[in-house]
Amino acid sequence: MLSTTRQSPKTIDAAFEKARLEKKGLTALFVLDSEMPESIFDKLTDIGFTGEKPSQQLHDSILTEYRVRGDRKLKELEEKALAMKVPFKTIIREGDFISECLDVIAEEELEVVIITRKKRSTLSRFIFGSALAEISSKADCEMLIIDE
Amino acid sequence: MNVSIDRRPLWAILLVRSFRYLALGAFFGITYLVAHMTPPEGLSQEGLRSAAVFGLSLVLWVTHLLPLAITGLLAIVLIAVMEVLPAKDAYALFGNEAIFFILGALILASAVLKTGLSSRLALMVLTLFGSSPAYLLFGIFITSALLSFWMPEHAVAAMMFPIVIEIARGLELRPLKSSYGKALFIALAWGAIIGGVATFLGGARNPLAIAILKETTGKSIGFFEWMLAVVPIVLILLVVAFTIITFFCRIETESFDRARELISEKKIKLGRATLEEWMTGFIMASTIILWMFFSHTLGLANIAILSVVSLFVFKLVTWKDVEAYVNWGIILMYGGAICLGSAITKSGAALWAGNIIVGSWASTPAAVIIIFAVLAIFLTEGVSNTAIVAILLPLGISMSDSYNIDPTLVTYSVAVPAGLAFMLPMGTPPTAIALSSGYVRVRDLLLQGIILKVMALFVFIVMTRYYWPLIGIKL
């Protein structure tokens, strides 16, 4: 499970290694996290009092950039999969990280989910919550958590 | 159907879901109780009621439990309902000249954005500086700053972002890894922020400050007077900020041809300047000249509205365009802020609160000015800079009499530092835009921003002491 802010090389290596050893296919999901562009949109309109059009243009521009980065990352992984002879599938989604992950887990009937735990303080996790904890509690499959 | 079950304890779910209502209920309840208490010595009942409304507005502006504009509306209603000002007077403050000036300036900016004149100007300046990575960095910084002299800084940052992100992509700069990429986005944000304090057009908080000054003291500051006082500070800050950016962010990129190609491709794509762009440019330039040299005789708002009329006469914008580019919430927020400022000053609550908050630390006029500048420059990191002006300026102006300070000096001392939010994304959109690029971390902005903030405060104090007396602004 990858996203705009979650692309740890350690997690990617662990996923490929597991797939190679267990001779399984790998599905890479890249979520274009819409939370950041949406918060910028809100900030521009609520605090900056900017009109809807320039705010929307900026929102679209940020998402386009995230999509380019997502495509580039997935292409890089595809090449790696080819070299390691691991069956590989890519999915790119736009939206909230948690709900997109849960949707793909259900749709693709994934056996194991490999995901990065970002470096954050306990206080930050307590206040802002943890996407990983929420996915773990709701997903009906094994979770492999790799610390960043 | 995918059903997700919330497994948290019921009390936790209820608490999270009702927190906003509980908090709002508590704040309204406290306001009601405070407004009906016996006033402390030195404060009238009317003053206490206006202080209660002020406190509630402050909390709502800081916490964002309600949108800024709605809090502005609420302030007017409460001032009328609590009989601090007669309803007729409270609502009449919406007809303030500053509101119509802001309205006109925003419609003019919408024409500049809509016709593409802003993008053309940005690309023209970038072409001038596109000969090396260091020059390009300076070009982005100075373009953001110069455009923010004449357009809202938030709109400038939003407009510059797609250009800069394409340059970063073209140069294959890696997000979070590239030091040059980081520099490009910090330059975009800081250029817009610093440029935004130079005139009345970069941030509407400046005309708001003038409106509060005029409503409470009858004094005013002209467009040219403001520029004369503030532009030298802006120029020094631009030098300091650029030095900090280049000191912390190494320019590691050498292959630069792609950036040059991108800029010229974008210029070619824009084609030749259209008649609409020329005419919008002419109207904008004429308006600025009129604001600079004839605002005392013709009036800022009158010039702005006549320019807007001419945009429509020549069909340069349609009303639909204006609606897409202008956020009308600004009018509600500013109307409320002016009304609140007027109410707490006239009722004596501002002087009372100012004496409690600042008076105990300040023994000299210079200390009062420094305290307000420090409060404004640091508080603006966490709170909207407009709200900072609305909160601090009435207190400062009320105290100016007892300390024998010119209230225009207090106005500069709150409005200018309030615009200088360099560190956190909460205070102003340009820093949030820089962070969204993925090239800049919060810690980069915190480290470099605190240095720039301290330097900015130092520059501001030195200019207050040595430059402003030369142009007639004395302590």
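The values are calculated or read from the model by the stated rules, or taken from the named source; none is laboratory data. Keep in mind it's a predicted model, so treat the numbers as computed, not measured. Backbone-built Cβ (ideal geometry, glycine too); neighbour counts: all protein chains shown. Heavy atoms of the whole protein, side chains included, go into the accessibility calculation; ligands, DNA and RNA do not. Shrake-Rupley method; radii C 1.70, N 1.55, O 1.52, S 1.80 Å.
The table below gives the values:
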| item | result |
| --- | --- |
| log₁₀ of I(q)/I(0) at q = 0.06, 0.07, 0.10, 0.11 Å⁻¹ - the protein assembly as shown, Debye sum with one point per alpha carbon | -0.36, -0.49, -0.96, -1.12 |
| Low-density loop cleavage sites - trypsin sites (Lys or Arg not before Pro) in region B:378-475, where at most 15 other Cβ are within 10 Å (DSSP) | B:Arg441, B:Lys474 |
| Unsatisfied cross-links (Cα-Cα over 28 Å) in the set A:Lys53/B:Lys267; A:Lys53/A:Lys119; A:Lys10/A:Lys43; B:Lys182/B:Lys266 | A:Lys53/A:Lys119; A:Lys10/A:Lys43 |
| Amide H within-cut-off set for A:Ala28, under 5 Å, with H built and near neighbours excluded | A:Lys89, A:Thr90, A:Ile91 |
| Other protein chain Cβ atoms within 10 Å, averaged over every residue that makes up B:163-169 | 2 |
| A:Lys24 - accessible surface, heavy atoms, 1.4 Å probe, Å² rounded to 10 | 90 |
| Packing rank of B:44-52, B:200-208, where each peptide gets the mean count of other beta carbons within 10 Å, highest leading | B:200-208, B:44-52 |
| Listed peptides B:320-333, B:176-189, B:123-136 by packing density, highest first (mean Cβ within 10 Å) | B:176-189, B:320-333, B:123-136 |
| Residue among B:Pro407, B:Asn206, B:Leu106 farthest towards the positive dipole end of chain B, charges placed on Cβ | B:Leu106 |
| List of region B:415-439 residues, accessible area with partners at least 40 Å² below that of the chain alone (1.4 Å probe) | B:Pro429, B:Ser436 |
| Cα pair distances exceeding 24 angstrom across region A:9-147, given as percent | 41 |
| Listed residues B:Trp278, B:Ala387, B:Gly329: farthest to the positive end of the dipole of the protein assembly as shown (Cβ charges) | B:Trp278 |
| Threshold 20 Å² - residues in region A:46-65 whose accessible area is reduced by that much or more when the chain is no longer isolated, probe 1.4 Å | A:Asp46, A:Ile47, A:Gly48, A:Phe49, A:Thr50, A:Gly51, A:Lys53, A:Pro54, A:Leu58, A:Ser61, A:Ile62, A:Glu65 |
| Anchor A:Lys75: aspartates and glutamates whose Cα lies under 16 Å away (excluding residues fewer than 8 positions away in-chain) | A:Asp13, A:Glu65, B:Glu172 |
| Probe 1.4 Å - accessible area at B:Asp257, Å² to nearest ten | 90 |
| Span from the region B:22-56 Cα centroid across to the region B:353-429 one, whole angstrom | 22 |
| Accessible surface of B:His296 - all protein chains present, 1.4 Å probe, nearest 10 Å² | 140 |
| Accessible surface of region B:138-196, 1.4 Å probe, proportion on carbon and sulfur as whole % | 57 |
| Student exercise, the protein assembly as shown dipole from Lys, Arg, Asp, Glu Cβ charges, in Debye to nearest 20 | 880 |
| Average partner coverage of A:34-44, which counts Cβ from other chains inside 10 Å | 4 |
| B versus A: buried accessible surface, summed, Å² (probe 1.4 Å, to nearest 100) | 2500 |
| Note, ³J(HN,Hα) from phi for region B:257-268, Karplus 6.51, -1.76, 1.60, rounded to Hz, x at Gly and Pro | 4, 4, 5, 5, 4, 4, 5, 6, 4, 5, 5, 5 |
| Sparse-neighbourhood loop sites, chymotrypsin sites (Phe, Trp or Tyr not before Pro) in region B:444-475 - DSSP loop, at most 16 other Cβ within 10 angstrom | B:Tyr467 |
| Net charge over other residues, Cβ less than 14 angstrom from the Cβ of A:Asp96 (K, R count +1; D, E count -1) | -4 |
| Between helix B:329-346 and chain B: long-axis angle, C-alpha atoms, 0 to 90°, nearest 10 | 40 |
| Partner chain coverage, peptide B:320-332 - average Cβ within 10 angstrom | 3 |
| Dimensionless Rg over Rh [region B:366-421; C-alpha; Kirkwood] | 0.95 |
| Net charge over other residues, Cβ less than 15 angstrom from the Cβ of B:Leu446 (K, R count +1; D, E count -1) | +2 |
| Helix B:45-63 vs. chain B, principal-axis angle (Cα, 0 to 90°, nearest 10) | 30 |
| Kirkwood hydrodynamic radius over Cα pairs of region B:58-176, then Stokes diffusion coefficient at 25 °C and 0.890 mPa s, in µm²/s | 138 |
| Accessible solvent surface per residue of the protein assembly as shown, calculated while the other protein chains remain in place, 1.4 angstrom probe, Å² | 44 |
| Straight-distance crosslink candidates among lysines, where the alpha carbon sits under 30 Å from B:Lys474 and sequence neighbours closer than 8 are dropped | B:Lys214, B:Lys219, B:Lys346, B:Lys453 |
| Tail beyond 39 Å, pair distance distribution of chain B (Cα, percent) | 26 |
| In region B:330-376, chymotrypsin sites (Phe, Trp or Tyr not before Pro) in a DSSP loop with at most 10 other beta-carbon atoms within 10 Å | B:Trp361 |
| Net charge over other residues, Cβ less than 13 angstrom from the Cβ of A:Glu78 (K, R count +1; D, E count -1) | +3 |
| 5 angstrom amide H check on A:Arg117, placed H, neighbours 5+ away | A:Ile146, A:Asp147, A:Glu148 |
| Cα-centred dipole magnitude for region A:9-147, charges only on beta-carbon of K, R (+1) and D, E (-1), debye, nearest 20 | 720 |
| Euclidean distance between Cα centres, region B:111-181 to region A:1-72, Å | 23 |
| Among B:102-111, B:83-92, B:267-276, the order from most to least packed when residues are scored by Cβ within 10 Å on average | B:102-111, B:83-92, B:267-276 |
